[in-house]
Amino acid sequence: MLAPAIFGISNSGVNLAIDLLILFLVVIWLALVYWTYADARRRIADPMLIACATAASLFPFVGTLVYMIVRPPEYLEDVRERELEIQAAEARLAELGYHLCPHCDFEVEKDFLRCPNCMRKLKDPCSVCGKPLDPMWKICPFCEAEVGSPAPQPRRTRRRRETTSSEPVAATGYVDPGSASSVERGGPATT
């Protein structure tokens with residue numbers, strides 16, 4: 001019995017070569033479908049997108065070619081490794097005192113209250129000692145004042161003395177040098 005002729009070719013040698021070529025192309029196509037699936041799993045985190053990439057590769061050769069054009073440029077492992085390296089570098093820079101403004105990424109020092117570039121507030125000053133405070137702190141590590149508590153009122157060191165003259169004392173504390181109250185305060189005596 002004769003084998004059916006493909007493409008109308010009745011020569012058995014040529015027919016065998018065409019059959020092997022078709023088998024080779026089918027094997028290559030199935031290998032590309034598997035390669036697309038395996039590559040998509042290494043590059044894409046979403047299972048739905050992996051399934052779509054694999055389904056697109058079912059279109060012989062064209063689907064895999066389209067996938068190769070639109071696939072992500074990095075493997076997921078490389079992305080994770082790069083993110084870890086960035087975090088480690090940021091941690092090393094933070095240990096060295098290298099800080100960036102969270103708003104404009106300008107280099108600032110750790111004791112800056114405002115960014116010199118964008119003028120945004122970075123930290124609040126302590127109400128007692130004025131040193132910069134981290135927003136997470138509950139107490140000032142420099143003066144042990146509680147953060148958020150009102151500043152203690154400074155004591156007056158000098159009290160005003162009663163004047164014996166009827167002349168009012170100006171708000172600046174200047175008294176006429178010729179008056180008697182000037183002598184009481186230790187001013188120049190006039191004779």
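The values are calculated or read from the model by the stated rules, or taken from the named source; none is laboratory data. Just so you know, these numbers come straight off a predicted model, no measurement behind them. With ideal geometry, Cβ positions are generated from the backbone for all residues, glycine too; neighbour counts draw on all protein chains shown.
General remarks:
- In the range 120-169, the residues that are charged (D, E, K, R), at pLDDT 80 or above and over 25 Å from Asp105 (Cα atoms): Lys138, Glu144, Glu146
- Neighbours by Cβ (under 6 Å, 6+ apart or cross-chain): first from the range 133-158, surrounded by 10 or more Cβ atoms within 10 Å (Cβ to Cβ); second acidic (Asp, Glu) and at pLDDT 70 or above: Leu133/Asp124; Ile139/Glu146
- Filter pass, Gly8 being over 30 Å from Pro132 (Cα atoms), of a type outside the set (A, V, I, L, M) and surrounded by fewer than 13 Cβ atoms within 10 Å (Cβ to Cβ): yes
- Residue within the range 69-83 that is under 30 Å from Leu133 (Cα atoms) and at pLDDT 90 or above present: yes
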